[in-house]
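Structure, as structure tokens:
No lab work stands behind these numbers, since they all come straight from the coordinates. The structure presented is a predicted model; accordingly, all values stated were derived computationally and were not measured. Methodologically, a virtual Cβ is constructed for each residue, glycine included, from the backbone with ideal geometry; neighbour enumeration extends over all protein chains shown.
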Amino acid sequence: MSRGTCWVRVAAKADLIARRRIVCTVAGVDIVLIYSSNEVLALENKCTHLGNPLHEGRIMAGTIICPFHGACFDLRTGESIAGPAVAPVRVFKTRVEGEEVSLELPQHTGP
């Protein structure tokens, strides 16, 4: 069995810039795309504390704060900065090509 990655188009750049956040589902995973400081960032849209969605959380100084219980995560690494969550949230690599935003996802092939 070999592992690799693939890039999946998830949003139009103009839509993300206008809305600042977009929630999408890719391969069964809810992901929040965030446009912040001229960067496109992507995190699993699920707080590791109780599984609540993060997309309505406040963004401050490179972090997102869960709107339910205040857990704070680094937007670039997913690291838990402040509890009650202690586990990191999953992050995804992004790229912008022309007017499209894509995510890098693991690809499994073989038996």
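Annotations
- Size check on the chain: the Cα extents along the three principal axes, sorted descending, read 40, 37, 19 Å.
- In this structure, Gln107 and Thr25 have a Cβ-Cβ separation that, at R0 = 30 Å, corresponds to a calculated FRET efficiency of about 0.95.
- Orphan Cys of the chain, criterion: no other Cys C-beta under 4.7 Å: Cys6, Cys24, Cys72
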